[in-house]
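*Asks:* Encoded as structure tokens, here's the structure I'll be asking about.
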Amino acid sequence: MQKFSRLQKLEKLLKIERDEDFEQYQKFFSRNNINHRKQNGVTWYPVVISNIGIGLGEYLQIEIERTSNHNEPHQFTGGKMAALFSNTHPDEEPINGTVKVLGSNKIRLSLTIDELPDWCDDGKLGINILFDEAGYREMNIALKKVMNADRSRLAELRDVMFEVKKPEFEKENTSLKINRLNESQNAAVRKILAAKDIAIIHGPPGTGKTTTIVQAICETLKNENQVLVCSSSNTAVDLLTEKLHREGISVLRLGNPARISEEVLMNTLDAKVTKHPSYKEIKNYKRTAEEYFRMAGKYKRVFGKEERQQRQLLYAEAKKLIREARTLEDYIIDEQFSKTQVIACTPVVSSNRMMRDRQFSTLFIDEAAQALEPMCWIPITRSNRVIFAGDHCQLPPTVKSKLAEDGGLKETLFEHCMVIKNISVMLDTQYRMHEQIMNFSNKIFYKDKLKAHESVKSNLLSYDENETLLNTPVEFIDTAGCSYNEKLNPESLSISNPEEAEILITHLKLLLSQYCINKREDVITIGVIAPYKEQVQLLSALIENDEELKTYPARIAIKTIDGFQGQEKDVIYISLVRSNDNKDIGFLSDIRRMNVALTRAKKKLVLIGDSATLSNHTFYMSFLDYVESIHAYKSAWEFVKI
């Protein structure tokens, strides 16, 4: 069928994306020596093995600590694959495993071997992040299942999402009203409960999307024993885990949490297994097995027939004990899966072997507009109905291949389903921003359907008419005519604008000076956003080296736009960076990304940029018209140090 040709196309685009991703990974490792890789946070060297134990299952897990470059940033995150290597024996095959981060300088690596090779004793060990093949593999498997589905629930869901079949709804319970929700949030919950196939919560910035999802899950669980909750963002999964736990819902958090909070950690599978009454038996089995492994490990390299037999006996006894532990462990795990109300994880983890052939009546996918379509199909293959939540007007999924992006890989299942009539509810009241901060995005992205709640619509840092930096919610500082040209770093190929950064720092210090002069007790939260990493690094250095700013009580957060998704601050500065004669704005043309930046501030939004470069794009031309209309335009000359 013509409609389903999209799935075949997706399969091809996914291969293009995987190949590009792998090529970038290989190029990086081949072009960069070990010191460059350490600086980029993808290699730790040197490291030592500080502990050897047995994890879930029969296999070894080792704890690895770096012995230098302590506390430096790195890219090792829970769930990633990594390889332990030896510089003493560079020809030996590295050992691959799954990462769990234990601290800024310690990693646990879960292996699929039951004995470490001899070269681990010879020093000069290091660890590299590996290419993530698992995600692509699971997406391909899911696409094939969807394409081949016939006369099954998966086939019916596919037909609904491809508009071959109309979605069905039961009669809505119009009397349902949850007191803590507003009318649009209640409407979303009612829509979800009535949906037989699919429903969508469209949640613009600050509208309480997470709160609405949590209440919808609570209501769903009044009629169902268990639901599956997924998001491609570990942070989003953790947030839902925390909020559901606070509602008294039992949650099993699978995978690797990004947030190290007690409410998240206590709901992980590891924590639940550890707390089980039978865990002591497992621990005893493993402790004895580990002792046998240590004894066997003494018979290394040069030993005779008798020693070899002794070693084999010790290994056999250790493996027997581990099998006993594994049987008991499987029983406990199965019990945890059966009795929990919510299983929360990323889509890839939802295909984990521990899920076996579990089928769910309802699947909730949060931040669905940030997930590739093939990624969403992974959990859908084990679900009877699907609830999407997200905002297709904010960050799109990351696609590395320009060819795959142009072919449509960035188009999400969320977007495709948004065109289906009567399945979505937009949350229409935001609880974050002053209405002048909201209004531009509201007009461009949300057809003026969004409104600011009374509690925030007029919120300012100050209502004193003399405090001009504090009593206005929006400012655009124009650097046109200042010759603040952007600079390209030839190594990183990222862009910065030093003079623009200086103007930002000057304005920030003036704002804080005005705020603090009246000895206000409330500390305001501040975020600085730049679209380019080079500018983020420059601004970070300027703030770190500034005597006034580095001692500010609330740490000033400085990140790229992606780093601020889902966050909010009292004050947000945006450094737009681009300033050139060609009026080239690069990926500032991704207006969905800019929508995220524009909607993070609660009381004050300050943008700094070159109108001469920006005005060539209709989005920024409209924004310049908007700031003129609310008298928010200023020239950078007002803030130049004389």
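*Asks:* Exactly one condition in (1) surrounded by fewer than 21 Cβ atoms within 10 Å (Cβ to Cβ); (2) within 22 Å of A236 (Cα to Cα); (3) modelled with pLDDT of 95 or more is not met by E168; state its number.
*Replies:* Looking at each condition in turn, E168 falls short on (2).
*Asks:* If you don't mind, there's one more thing I want to ask. Identify all residues within the stretch 258-280 that are touching a residue at least 40 places away in the same chain (Cβ under 8 Å), crowded, with 16+ Cβ neighbours inside 10 Å and either among the aliphatic types (A, V, I, L, M) or out of contact with any helix residue (DSSP H, G or I) (no Cβ under 9 Å at 6 or more places or on another chain) (or both); write none if there are none.
*Replies:* A258, L269, V273 - these are the residues of the stretch 258-280 that are touching a residue at least 40 places away in the same chain (Cβ under 8 Å), crowded, with 16+ Cβ neighbours inside 10 Å and either among the aliphatic types (A, V, I, L, M) or out of contact with any helix residue (DSSP H, G or I) (no Cβ under 9 Å at 6 or more places or on another chain) (or both).
*Asks:* Looking at (1) at pLDDT 95 or above; (2) touching a helix residue (DSSP H, G or I) at 6+ places or on another chain (Cβ under 9 Å); (3) over 22 Å from E638 (Cβ atoms); (4) not polar (S, T, N, Q), which is the only condition G563 fails?
*Replies:* Of the numbered conditions (1) at pLDDT 95 or above; (2) touching a helix residue (DSSP H, G or I) at 6+ places or on another chain (Cβ under 9 Å); (3) over 22 Å from E638 (Cβ atoms); (4) not polar (S, T, N, Q), the odd one out for G563 is (1).
*Asks:* Turning to a different aspect of this structure: Given the stretch 371-459, what helices (runs of 4 or more DSSP H) lie entirely inside it while holding 1 or more residues that are more than 28 Å from E170 (Cα to Cα) and among the acidic types (D, E)?
*Replies:* So the answer is 402-407, 435-445.
*Asks:* Still on this structure: Which of the residues spanning the stretch 555-568 are surrounded by 15 or more Cβ atoms within 10 Å (Cβ to Cβ) and over 19 Å from the mean Cα position of the chain (by Cα)?
*Replies:* I556
*Asks:* Turning to a different aspect of this structure: With respect to K243, is the statement that it is of a type in the set (K, R) and assigned to a loop (DSSP other than H, G, I, E, B) true?
*Replies:* Answer is no for this residue.
*Asks:* Please determine, by comparing only the residues of the stretch 459-516 that are β-branched (V, I, T) and closer than 17 Å to L549 by Cβ, which one is surrounded by the most Cβ atoms within 10 Å (Cβ to Cβ).
*Replies:* I503
*Asks:* Checking the condition basic (K, R) and in a helix (DSSP H, G or I), which residue from R190, R180, R151 passes?
*Replies:* None of the other options fit; the residue is R190.
*Asks:* Please work out which one of (1) surrounded by fewer than 20 Cβ atoms within 10 Å (Cβ to Cβ); (2) closer than 30 Å to T235 by Cβ is the condition E93 fails and give its number.
*Replies:* (2)
*Asks:* Among the residues of the stretch 27-41, which ones are over 16 Å from S86 (Cα atoms) and not in a helix (DSSP H, G or I)?
*Replies:* If the condition is that a residue be over 16 Å from S86 (Cα atoms) and not in a helix (DSSP H, G or I), then N32, N40, G41 are the ones that fit.
*Asks:* Across the stretch 110-160, what is the number of residues that are in contact with a strand residue (DSSP E or B) (Cβ under 8 Å, 6 or more places away or on another chain), farther than 25 Å from Q75 by Cβ and of a type in the set (S, T, N, Q)?
*Replies:* So the count comes out to 0.
*Asks:* I would also like to ask the following. Considering only residues of the stretch 435-452 that are in contact with a strand residue (DSSP E or B) (Cβ under 7 Å, 6 or more places away or on another chain) and without any contact (Cβ under 8 Å) to a residue 60 or more places away in the chain, which is surrounded by the fewest Cβ atoms within 10 Å (Cβ to Cβ)?
*Replies:* This residue is K449.
*Asks:* I've got another one for you. Would you mention how many residues in the stretch 193-224 are part of a helix (DSSP H, G or I), of a type outside the set (A, V, I, L, M, F, W, C) and surrounded by 20 or more Cβ atoms within 10 Å (Cβ to Cβ)?
*Replies:* 4
*Asks:* Still on this structure, I have one more. Within the stretch 541-554, identify whether any single residue is exposed (fewer than 15 other Cβ atoms within 10 Å of the Cβ), under 22 Å from the mean Cα position of the chain (by Cα) and over 19 Å from T472 (Cβ atoms), and answer yes or no.
*Replies:* no
*Asks:* Quick one: which of F619, F587 is in a helix (DSSP H, G or I) and at pLDDT 95 or above?
*Replies:* That would be F619, the only listed residue that is in a helix (DSSP H, G or I) and at pLDDT 95 or above.
*Asks:* Any residue in the stretch 90-119 that is more than 18 Å from D132 (Cβ to Cβ) sitting within a Cβ distance under 6 Å of a residue that is outside any strand (DSSP E or B) and of a type in the set (D, E)? List the pairs, counting only those 6 or more apart or interchain.
*Replies:* Hits for this filter: W119/E92.
*Asks:* Now, a different point. Any idea how many residues of the stretch 491-509 are more than 19 Å from K559 (Cβ to Cβ), aliphatic (A, V, I, L, M) and modelled with pLDDT of 95 or more?
*Replies:* Adding up the residues that qualify gives 1.
*Asks:* Scan the stretch 240-257 residue by residue and report those that are among the basic types (K, R) and either touching an Asp or Glu at 6+ places or on another chain (Cβ under 8 Å) or loosely packed, with under 14 Cβ neighbours inside 10 Å (or both).
*Replies:* R246, R253
The values are calculated or read from the model by the stated rules, or taken from the named source; none is laboratory data. The model shown is predicted, which means the values in this text are computed figures rather than measured ones. Every residue, glycine among them, receives a Cβ derived from its backbone with ideal geometry; neighbour counts consider all protein chains shown.
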